[in-house]
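S.K.: Have a look at this one before I ask anything.
The values are calculated or read from the model by the stated rules, or taken from the named source; none is laboratory data. Just so it is clear, the model here is predicted, and its values are computed rather than measured. Note that we place each Cβ from the backbone using ideal geometry, even for glycine, and neighbour counts take in every protein chain shown. Quick note on the areas: whole protein, heavy atoms, side chains included, nothing else; ligands and nucleic acids left out. Shrake-Rupley method; radii C 1.70, N 1.55, O 1.52, S 1.80 Å.
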Amino acid sequence: MNSKNFTKYSSFSIFALLLILFATHSNAQDKTWLTNITKESGLDSARGSRIWLADINGDNYPELLWGEGAIFKNHLHVFLNVENPDKTSPVKRIFVDFTNESGVNANRDSTKSSRIIDIAGLADFDNDSDLDLVSSIYYHRLTGYRDANDPGDRSEIMLNDGKGHFKLVLNSGLNDLVVVDTLPKGLINTSGISFLDYDFDGFTDIYFSTWFTDYSPQIGISSGMVNVLLKGKGDGTFQYIKNNGLQNISDPDYGTNVTDWNNDGWPDIITSPYCRSGGNLYKNMKTGVFSDRTGLTDYSAQALGGDFYYDATAKQWFQQALCQWSAQPADFDNDGDMDLLQVEVHGGLDPGAGRTHIAINTGPPDYKYVWEIERLRRDEPVESHLGDQGGTWMDIDGDGYLDVIIGQMAYPDANTKGQERVYFLRQNDSGYFDDISKALGFFNLKEGHTPMPCDYDLDGDVDLFVSRQVRDTSYRDTVINGNQTKVPVYKIYMQIVLLRNENVQKNNWTAVRVAALKGCNGNALGARISVYAGGMCQIREIQNGWGHFGGQQPYSQNFGLGKAESIDSIVIRYPMQGVPKKIIKNPPINQYLQIGIDGTLYAEDNVFQYEITRPDIFPNPAQDNLYISLPTEFRQNSTIEMFDAMGRNVLNYSITNTNIQHEIDISSLPSGLYFIVIKNSNGNVSNSSFVIAR
C-alpha cells in the first residue's frame, strides 16, 4: 500500500468512525438511566459521609464500609453485599450489617469495645490475595485534644482472614511512629490515604497526606504535619521512610492521589492542599525517592483564586483562596495520558475566579497540566460560591467517554437558594461536560458530599453511591410572648444513597479484574489496563485513595464500549521491574474477565491463552518518543529496523540488554506511516507498524 492510498483509506475510515461515534455518543439521557434504590437495598440506616467499596469476603461483590464523619467519635460500619432473599424484588443484591462480626473496630486496649476511625483504606498488605485494612484519625483542631482528651487511639493495620474478619497487627509499626518530636508516639493527623508499590519490591506501601500539626488562629500559628511514606514488608508491618524526597512537605494537605502521570510505568504522587499552597506533584525516580516536579509540570490547585466577597469593615472586595479536596486522575479524552479532575472549595463563577475543573495532561515531553475551567458546565441556578466537596469520574451511560459527578454542600448561603446539590455532568462530542441532572430527575438531590462509583451488582454498568446531607424538619409546640405556636426543629444527618444504573442493556461493556503476577504487589496496584475497541483506546489504572479521606472503589475496572460489538485487544501493563505487559486478543464482551496470576484470561470457566508474538508499541499514534515492549525471544542480541511508507530505512536500533521495554527517540522523523522489523540472532523476525502524528 503506498502512502497516498493509505491517506485516502485512513480519511475514509476516520470519517466513518466519527459518524459511528457521534451516533453512539448522542443518545439522549432520560430518567430511566438511574434509579434510587437506597431503601430497597437496605441502606436506610447508612447515615454517614465517608464511603469505601471493596470485596472483603472473596465473592467478587463489593461491600460497603462507611464512616459517620463525626470527628473524634467516628468508627467504621461494614455492610455485606448479599443476594436478596426476596426473589420477587427487582433489586437482586442488598446490604446487611456485618460490623460486629467483622471486628474492624477492635481496640488493642481490651477494656474498650471500639476505637476512633475517621479514615481508612483496604489493600493486600500480606500478599495473601484478600483485602486488609489500615485506619487513621483526623484531628480537625489538634490543639488541646492531644493532651487531656487523647484516648490513646492511633493508626492501625488489620489483617483479613479472607472472609471479612479483621484482626489487629500489634507490631505493625504505625502505633510507634514519631512523625513530630513534640507529639505522642503514633499520632498522625491524617487527611488522605493512598496505596502504591513505590519501589517495585512486590509489597504494598502506604502514603498518608496530613493536616495541621497545630492550629491556633488566636495566636496566628498554623503549620502542616510532614506527610508519611510507609514501606510495606509484605507481612502487615511497615517501616517509616524519612529520606524519600517527600519529607519536606509541611503545608497542610486535604488529600492525596497516586497515578502514573508521565507514562513511564511508575507511580507518582499528587497532593491536594488546604488553601495554604498549590500542592505538589512528585515524580517517582525509580530509585526509591521522589523528585518535586510541581513547577515543571505547571501543576497547581491555585492557578487562580476563588470567589470574591465584600468585607464591609474594610469596605473592599477580597478573593478567597481555593482549597483542593482531590485531584482525581483519568484519561477522559482517550489520548493515552492521565488528566485530572481537581475538586475545589471556595470556587467562583466571576471573571478571574477559579473552581472545580479539568486539568489537561499535554503529554510528552514535559507532561504539563493546563487548567480547562470552562469544560464543566452547570445548569442555573448556580450560586456564585461553589462549595464542592467531592468529585469523581464515571461513565454514566457506557458510551466509552468518562463523565463527571460533583457533590456540593456545607455553605448555608448557597443552600438557602437551593443551589447546593449533586451535579451530573455528561461528556459531549466536543469533550465538554453538560449538566444532565434535570434530565436524570436528580436536580433536587441536595447537598452532596462524596460520590463513589461502583458496579455493586456486577451487571456491567457502573452504579453510584453518594453521601448527602439531609435536613429533616419537625415542629414542637412552644409559647412565645404568651402565644402558643409551633417552631421548627431541624435534624441534620448524612445519608448514603445508592443510585442503580439501568444502562446495561443500552450499550456493550467489559469489566476486567487483574491478578498480580509473581513479584507484583498483591492487588496489582498501579497496573494500567488498556481496552482497544470501537476505534478508540480507553485506559484505567488500578488505584486506591481518591483524594480527601481516601475513599475506595473496587479494584476491578469497568469499560463502556458503546455500540462496539467486539474488543480488538486488552493490554495489561504491570507495576513491576521492567514494566512487563500482557496482551489479550479478541476477548469476549459483556462479561467480567479475570486476568490470572500467569497473565492469561479466564472467562466463564474457559481458559484463553495468548502468546505475545509481535512487539507492543505505544503510544500509537506517536509524537516524539516510541516505547516498544519486546516478545521474549527478542529481548537480547536483536536489532530493530524502522522503515517509512516508501520502504526507506530511516532508523536502526541495537538491543544490547535484556530489558522488556525500550524507548526510541523519533523526534527527527516526519509525520506518516512507519513499519518496524525486529530480528534476533536465531533468524526470527517480528514486525509491527505505527503512525507519527503531530
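S.K.: Here are some residues: S209, S172, S272, S191. Which one is surrounded by 19 or more Cβ atoms within 10 Å (Cβ to Cβ), closer than 30 Å to F618 by Cβ and modelled with pLDDT of 90 or more?
M.R.: S272
S.K.: If a residue must be among the polar types (S, T, N, Q), under 24 Å from the mean Cα position of the chain (by Cα) and either open to solvent by 60 Å² or more (accessible area, probe 1.4 Å) or at positive phi (or both), how many such residues does region 76-132 contain?
M.R.: Number of matching residues: 2.
S.K.: Residue by residue through region 59-75, note down the ones that are open to solvent by less than 30 Å² (accessible area, probe 1.4 Å) and either more than 11 Å from I117 (Cβ to Cβ) or not polar (S, T, N, Q) (or both).
M.R.: Those that are open to solvent by less than 30 Å² (accessible area, probe 1.4 Å) and either more than 11 Å from I117 (Cβ to Cβ) or not polar (S, T, N, Q) (or both): P62, E63, L64, L65, W66, G67.
S.K.: Sticking with this structure for a sec: Within region 224-248, work out how many residues are modelled with pLDDT under 90 and closer than 26 Å to D337 by Cα.
M.R.: 3
S.K.: Looking only at residues in region 473-512 that are in contact with a Phe, Trp or Tyr (Cβ under 7 Å, 6 or more places away or on another chain) and charged (D, E, K, R), which one is surrounded by the most Cβ atoms within 10 Å (Cβ to Cβ)?
M.R.: Selected residue: E502.
S.K.: Further question: Only one of (1) open to solvent by less than 10 Å² (accessible area, probe 1.4 Å); (2) over 27 Å from K283 (Cα atoms); (3) of a type in the set (S, T, Y) fails for T182. Which number is that?
M.R.: All conditions are met except number (1).
S.K.: Of the residues that sit in region 563-598 and are over 28 Å from T204 (Cβ atoms) and outside any loop (DSSP other than H, G, I, E, B), which one is least open to solvent (accessible area, probe 1.4 Å)?
M.R.: S569
S.K.: Among the residues of region 94-106, is there at least one that is among the acidic types (D, E) and in a loop (DSSP other than H, G, I, E, B)?
M.R.: Looking through region 94-106, none of the residues is among the acidic types (D, E) and in a loop (DSSP other than H, G, I, E, B).
S.K.: With more than 17 Å from P451 (Cα to Cα), buried (at least 24 other Cβ atoms within 10 Å of the Cβ) and not aromatic (F, W, Y) as the only criterion, which of G400, G348, G336, G391 stands out?
M.R.: Exactly one residue qualifies, and that residue is G400.
S.K.: Please enumerate the residues belonging to region 640-650 that are open to solvent by less than 60 Å² (accessible area, probe 1.4 Å) and either within 39 Å of the chain's Cα centre (by Cα) or of a type outside the set (A, V, I, L, M, F, W, C) (or both).
M.R.: Matches in region 640-650: I640, E641, M642, D644, G647.
S.K.: Does any residue of region 146-153 turn out to be at pLDDT below 95 and either of a type in the set (S, T, Y) or under 26 Å from the mean Cα position of the chain (by Cα) (or both)?
M.R.: No, there is no match, as no residue in region 146-153 is at pLDDT below 95 and either of a type in the set (S, T, Y) or under 26 Å from the mean Cα position of the chain (by Cα) (or both).
S.K.: Listed residues D214, D201; which is charged (D, E, K, R), out of contact with any Leu (no Cβ under 7 Å at 6 or more places or on another chain) and either at pLDDT below 95 or under 19 Å from P267 (Cβ atoms) (or both)?
M.R.: D201
S.K.: Now, a different point. Could you please give the count of residues in region 457-472 that are surrounded by 11 or more Cβ atoms within 10 Å (Cβ to Cβ), in contact with a Lys or Arg (Cβ under 7 Å, 6 or more places away or on another chain) and in a strand (DSSP E or B)?
M.R.: Counting residues in region 457-472 that are surrounded by 11 or more Cβ atoms within 10 Å (Cβ to Cβ), in contact with a Lys or Arg (Cβ under 7 Å, 6 or more places away or on another chain) and in a strand (DSSP E or B) gives 2.
S.K.: Exactly one of these conditions fails for F690: (1) under 30 Å from F559 (Cα atoms); (2) at pLDDT below 85; (3) open to solvent by 20 Å² or more (accessible area, probe 1.4 Å); (4) not in a loop (DSSP other than H, G, I, E, B). Give me its number.
M.R.: Unmet condition: (3).
S.K.: Name the single residue that is least open to solvent (accessible area, probe 1.4 Å) among those in region 427-456 being under 12 Å from D379 (Cα atoms) and within 22 Å of the chain's Cα centre (by Cα).
M.R.: So the residue we want is F433.
S.K.: Now a separate question. Cβ-Cβ distance below 6 Å, separation of 6 or more or different chains: which pairs start in region 511-527 with a residue that is over 22 Å from I589 (Cβ atoms) and end on one that is open to solvent by 20 Å² or more (accessible area, probe 1.4 Å) and of a type in the set (S, T, Y)?
M.R.: N523/Y555
S.K.: Do we have any residue at all in region 66-76 that's part of a loop (DSSP other than H, G, I, E, B) and at pLDDT 95 or above?
M.R.: Within region 66-76 (the criterion being part of a loop (DSSP other than H, G, I, E, B) and at pLDDT 95 or above), the answer is no, since none of the residues qualifies.
Let's see how each residue does on (1) more than 27 Å from K31 (Cα to Cα); (2) modelled with pLDDT of 95 or more; (3) open to solvent by less than 40 Å² (accessible area, probe 1.4 Å):
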position	(1), (2), (3)
W317	yes, no, no
Q320	yes, no, no
T356	no, yes, yes
W371	yes, yes, no
E383	no, no, yes
G407	no, no, yes
